[in-house]
Amino acid sequence: SATHSFQTQTTITSNDQYEIQPQISIVSGSPAVSWTVNSQQNFWKTSGTNQVYLAQSQNGSWSSRQIASIDGCVMGEALGTMEGKLYYAYVADEDGSLENTAGGQAYLLDIQTGTTVPLEGEQAANVQFGRVGGEDQILWTDGEGSLHSRNGRGGEQVTSFEGEGISGIVRQVISGEDGKAAILFTKNGENCANAYGAYYDPQTGNWSQIS
């Protein structure tokens, strides 16, 4: 804004529903917020139907609508933009067992067209939007620890790492100057949790090994 300051808070919803997992992004200079309502008020979203809603601000007023209805467990989600369009990504557990990650399947919803496409990679996890190499991308991991990415036009890329790769929980995708980027993730050890990172070099177009 012109004042470079936070404005008075705005109430987007006011009801008796249990609204969980809010996500926020900016599209065309205006904020957009998504959230999930579980039909069984299940905070972990492991049962029932997960209804996803989107609210967008235009000219100072908010409007909201439902954008997805997902049966079963949702293990991760993200809201972001690619090439000026708004997308919603999520990982669904499709084998009905939370004791393993074998059933993880990632999906990408084009909110403008309403089209949902599956993303490649078995045991998908850690969907995140980020700016890598100067372009907006959706990134996610698979059961082998490889990093998948694609832009709004498709053109998926897969990066493999030595050792276990990117496992655990991706906490953030950080964008730097001149197309640089980094991924921060944590992994549980014996009585501890450790942080790791991988770095993107725009000059080579490659990710570093994990450190």
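The values are calculated or read from the model by the stated rules, or taken from the named source; none is laboratory data. Keep in mind it's a predicted model, so treat the numbers as computed, not measured. Positions of Cβ are backbone-derived with ideal geometry, glycine not excepted, and every protein chain shown enters the neighbour counts. With ligands, DNA and RNA removed, areas are computed over all heavy atoms of the protein, side chains included. Shrake-Rupley method; radii C 1.70, N 1.55, O 1.52, S 1.80 Å.
Quick rundown of the values:
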item	result
Residue selected from region 21-40 under the condition surrounded by fewer than 16 Cβ atoms within 10 Å (Cβ to Cβ) and in contact with a strand residue (DSSP E or B) (Cβ under 9 Å, 6 or more places away or on another chain), by the criterion farthest from Asp136 (Cα to Cα)	Gln40
Among (1) open to solvent by less than 50 Å² (accessible area, probe 1.4 Å); (2) at pLDDT below 95 - the single one Leu109 does not satisfy	(2)
Considering residues of region 41-58 that are under 16 Å from Ile12 (Cβ atoms) and over 16 Å from the mean Cα position of the chain (by Cα) only, the residue least open to solvent (accessible area, probe 1.4 Å)	Ala55
Qualifying positions in region 79-95 - open to solvent by less than 10 Å² (accessible area, probe 1.4 Å) and under 12 Å from the mean Cα position of the chain (by Cα)	Gly80, Tyr88, Ala89, Val91
Any pair with Cβ under 9 angstrom, 6 or more apart, that starts in region 180-194 at a residue that is touching a residue at least 40 places away in the same chain (Cβ under 8 Å) and within 20 Å of Gln128 (Cα to Cα) and ends at one that is open to solvent by 70 Å² or more (accessible area, probe 1.4 Å) and basic (Lys, Arg)	Ala181/Arg131; Ile183/Arg171; Phe185/Arg171
Residue under evaluation Glu162, criteria (1) charged (D, E, K, R); (2) assigned to a strand (DSSP E or B); (3) out of contact with any Lys or Arg (no Cβ under 7 Å at 6 or more places or on another chain), criterion not met	(2)
